[in-house]
Amino acid sequence: MRRFGLTCFALMLPLLLTSGSALADEVSPVPPQLRLLTEPLPPLSYMEQSRMTGFSVELVERLKPKVEVSADIEMLPWARAFNIASHTPNVMLFSTALRDSRRSQFDFVGPIATARIMLYKLTSDEALPTDITEASKLGSLGVYRGSPAERILKQAGVQNFEVSSYPLQSLRQLLAGRVRFWCQVDLTVDRLLTQAGTSEQALTPLAELERIELYLAFSRGTSKEMVERWQQALMTYQEEGGFAELYEYWFRLPPESDRSHILWRLTPEG
């Protein structure tokens with residue numbers, strides 16, 4: 001009898017192993033964790049007393065439980081963060097300016113903010129150029145690496161500019177006289193001036209260079225379902241009034257858009 005039982009077990013073993021393997025194949029693998037990247041760009045995202053804060057940081061933190069994402073936000077220089085997001089799947093990069101050259105790289109959810117790229121000078125400087133071409137003939141311009149302002153200068157053929165790693169470094173170059181003009185997103189200027197230890201009266205805006213919309217950008221390889229979850233969470237937060245309240249707290253003005261949407265990554269097929 002015992003020999004009979006062992007014989008049956010030996011005959012059944014391949015079937016048990018096969019069925020177990022098939023069952024394992026049916027179990028969906030655990031999806032990779034979404035990586036969250038941002039840059040030091042107050043008041044959107046910055047460090048204060050060893051704590052990360054800012055409008056976009058707080059927005060993402062409030063949306064994380066709704067989309068069941070637990071990853072910590074990482075703050076990196078923009079050029080490095082953008083390079084990672086451009087070559088790595090499952091990355092959300094924020095706050096990212098929407099432009100045509102990026103439509104083939106990312107899926108976009110938003111907009112979460114609207115801003116203007118402005119040309120600034122020191123109020124004490126008597127120069128009054130009306131555009132970046134005039135300004136570049138009078139002195140060098142300051143921008144930070146990978147910023148919309150750097151792109152604008154390059155597209156305009158301007159060569160007389162200095163590139164820094166962070167917006168605050170670029171502002172300090174202006175205050176120290178190392179550059180004569182500064183190109184920067186208007187929403188960020190007040191906080192940067194505070195960090196630099198000076199007041200808004202120190203600067204005078206000269207010209208608007210470009211209007212931009214900022215989004216949550218999802219790298220190639222991020223699942224469609226993940227992108228849709230973030231868009232749904234943002235839209236719900238907007239409908240509940242939380243988004244407008246957060247926006248007005250940080251920027252002292254109402255959001256220009258309170259209706260989010262998805263702009264899917266463009267493919268060669270269209």
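The values are calculated or read from the model by the stated rules, or taken from the named source; none is laboratory data. Predicted, not measured: the structure shown is a model, and the values here were computed from it. All Cβ positions, even for glycine, are placed from backbone atoms using ideal geometry, and neighbour counts span all protein chains on display.
Checking Arg229 against (1) surrounded by fewer than 15 Cβ atoms within 10 Å (Cβ to Cβ); (2) more than 26 Å from Ile152 (Cβ to Cβ); (3) under 18 Å from the mean Cα position of the chain (by Cα); (4) among the basic types (Lys, Arg), which test does it fail?
Here Arg229 meets the rest and fails (1).
Tell me whether the stretch 252-264 contains one or more residues that are in a strand (DSSP E or B) and either more than 25 Å from Ala71 (Cβ to Cβ) or touching a helix residue (DSSP H, G or I) at 6+ places or on another chain (Cβ under 9 Å) (or both).
Scanning the stretch 252-264, I find at least one residue that is in a strand (DSSP E or B) and either more than 25 Å from Ala71 (Cβ to Cβ) or touching a helix residue (DSSP H, G or I) at 6+ places or on another chain (Cβ under 9 Å) (or both), so the answer is yes.
On the phi < 0 side of the Ramachandran plot and assigned to a strand (DSSP E or B): is that true of Phe94 in this structure? First the steps, then the outcome.
Numbers: on the phi < 0 side of the Ramachandran plot: yes; assigned to a strand (DSSP E or B): yes.
Taking the combined requirement at face value, the residue satisfies it.
Find the residue count for the stretch 250-270, including only residues that are under 20 Å from the mean Cα position of the chain (by Cα), more than 16 Å from Gly110 (Cα to Cα) and among the hydroxyl-bearing types (Ser, Thr, Tyr).
0
Test Gln173 against the criterion of being at pLDDT 95 or above, part of a helix (DSSP H, G or I) and touching a strand residue (DSSP E or B) at 6+ places or on another chain (Cβ under 9 Å), and give yes or no.
yes
Please tell me if Gly142 is within 23 Å of the chain's Cα centre (by Cα), of a type in the set (Gly, Ala, Ser) and outside any helix (DSSP H, G or I).
Against the criterion (within 23 Å of the chain's Cα centre (by Cα), of a type in the set (Gly, Ala, Ser) and outside any helix (DSSP H, G or I)), Gly142 qualifies.
Taking the stretch 99-130 as the search range and keeping residues that are loosely packed, with under 14 Cβ neighbours inside 10 Å and not hydrophobic (A, V, I, L, M, F, W, C), which one is nearest to Pro254 (Cα to Cα)?
In this case the residue turns out to be Arg99.
Please go through the stretch 239-264 and give me each residue that is at pLDDT below 95 and among the hydrophobic types (A, V, I, L, M, F, W, C), ordered by number.
Phe251, Leu253
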